[in-house]
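What follows is a short report on a single structure.
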Amino acid sequence: MRQFGIYIIGDEILSGKRQDAHLSKVIALLSARGLQLSWAHFIGDIPEQITQLLKASMARGEIVFSFGGIGATPDDYTRQCAAAAAGVPIERHAGAVANIEAQYGEAAYPKRVLMADFPQGCELIPNPINRVAGFSIHEHYFVPGFPEMAHPMVEWVLETYYSHLFHGQDYLEQAIVVTEAGESDLIDLMNSILSRYPMLKLFSLPRTNQRRTTEVGLKGESAYVLAAMLELKAGVSELGYPWVDV
């Protein structure tokens, strides 16, 4: 099963000056295609950390979307970090230059054209708003931080490169809501389920209301999830707690 991850880059997110709009959108775009997000990292404008994380996820062979930091101002480091992680130099991409010139004419120089400097050997990701492209290298896809640009670009990547993965993974997520029980009342049962189904992921979400209520679920390959949920429901009933399917 291919793993999808995202990096959301920028001090403005960590300081609260901007609110993240990418995490929930990527989850929705993937879910609509039968895919799942495996992880997300929020990163400040720290080149060493960005490079280290990119190098690690490239080595793991994951499919990654990175948001932010691909402009040409002094606080934008993502292009340079991506090149360093991939072990290639930065060079001016002729196709990206042509797009910027077509959009801005003479005003492309001397500054806007700097946004055509990408890691050597990368591919372009078309920007439907202003034609200033994103780029991809080693299945890492780098798009702007602006949602109105970034989200159509992510969708383009999915449709262009990964349609063969759509709705092809054997994946199921199921859960029940247990009333009159807190997480501590269910820990032994949850551990027992996981010991018999280590290939699954279990999640537990307590709810804050007047009754002690806990949502418990499992996700993974469908046959294992179905079998494990039967055991989970039977175990909850045996403990004497009411439950309903979510």
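Rundown of residues vs (1) part of a helix (DSSP H, G or I); (2) touching a residue at least 40 places away in the same chain (Cβ under 8 Å), yes/no style:
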position: ASP20; (1), (2): no, no
position: ALA40; (1), (2): no, no
position: GLN52; (1), (2): yes, no
position: VAL64; (1), (2): no, yes
position: ALA72; (1), (2): no, yes
| request: Would you mind finding the one in VAL113, VAL132, VAL97 that is in a loop (DSSP other than H, G, I, E, B), of a type outside the set (Asp, Glu) and over 20 Å from PHE42 (Cα atoms)? | output: VAL132
| task | With the condition kept exactly as written, say whether any residue in the range 146-159 is of a type in the set (Phe, Trp, Tyr) and within 23 Å of the chain's Cα centre (by Cα). | result | yes
| remark: If we keep only residues of the range 22-39 that are among the small types (Gly, Ala, Ser) and open to solvent by 40 Å² or more (accessible area, probe 1.4 Å), then the residue nearest to the chain's Cα centre (by Cα) is SER38
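Pick out the one residue from LEU232, LEU202 that is under 30 Å from ARG2 (Cβ atoms), among the hydrophobic types (A, V, I, L, M, F, W, C), open to solvent by 40 Å² or more (accessible area, probe 1.4 Å) and within 30 Å of the chain's Cα centre (by Cα). Full working, then the answer.
Numbers: LEU232 fails: open to solvent by 40 Å² or more (accessible area, probe 1.4 Å).
Among LEU232, LEU202, only LEU202 is under 30 Å from ARG2 (Cβ atoms), among the hydrophobic types (A, V, I, L, M, F, W, C), open to solvent by 40 Å² or more (accessible area, probe 1.4 Å) and within 30 Å of the chain's Cα centre (by Cα).
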| task | Report yes if some residue within the range 157-175 is of a type in the set (Phe, Trp, Tyr), in contact with a Gly (Cβ under 6 Å, 6 or more places away or on another chain) and over 30 Å from ILE137 (Cβ atoms); otherwise report no. | result | no
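Among VAL225, VAL246, VAL216, which is open to solvent by 60 Å² or more (accessible area, probe 1.4 Å), among the β-branched types (Val, Ile, Thr) and under 26 Å from the mean Cα position of the chain (by Cα)?
Of the residues listed, the single one that is open to solvent by 60 Å² or more (accessible area, probe 1.4 Å), among the β-branched types (Val, Ile, Thr) and under 26 Å from the mean Cα position of the chain (by Cα) is VAL246.
Can you tell me which residue is modelled with the highest pLDDT among those in the range 71-105 that are among the charged types (D, E, K, R), open to solvent by 70 Å² or more (accessible area, probe 1.4 Å) and farther than 11 Å from PHE118 by Cα? Let's see the steps before the verdict.
From the range 71-105, those among the charged types (D, E, K, R) are 75-76, 79, 91-92, 101; that's our starting set.
Checking which are open to solvent by 70 Å² or more (accessible area, probe 1.4 Å) leaves us with 75, 91-92, 101.
Right, trim to farther than 11 Å from PHE118 by Cα and you get 75, 101.
On the way: ASP75: 93, GLU101: 97.
Among residues in the range 71-105 that are among the charged types (D, E, K, R), open to solvent by 70 Å² or more (accessible area, probe 1.4 Å) and farther than 11 Å from PHE118 by Cα, the one modelled with the highest pLDDT is GLU101.
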| field | Residue count, the range 149-201 (criterion: within 24 Å of SER237 (Cα to Cα), in contact (Cβ under 8 Å) with a residue 12 or more places away in the chain and polar (S, T, N, Q)) | value | 3
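The values are calculated or read from the model by the stated rules, or taken from the named source; none is laboratory data. Since we're looking at a predicted model, the values are computed, not measured. Here Cβ is always computed from backbone atoms with ideal geometry, including for glycine, and neighbour counts include all displayed protein chains. When the accessible area is computed, the model is the full protein with side chains, heavy atoms only, and any ligands, DNA or RNA have been set aside. Shrake-Rupley method; radii C 1.70, N 1.55, O 1.52, S 1.80 Å.
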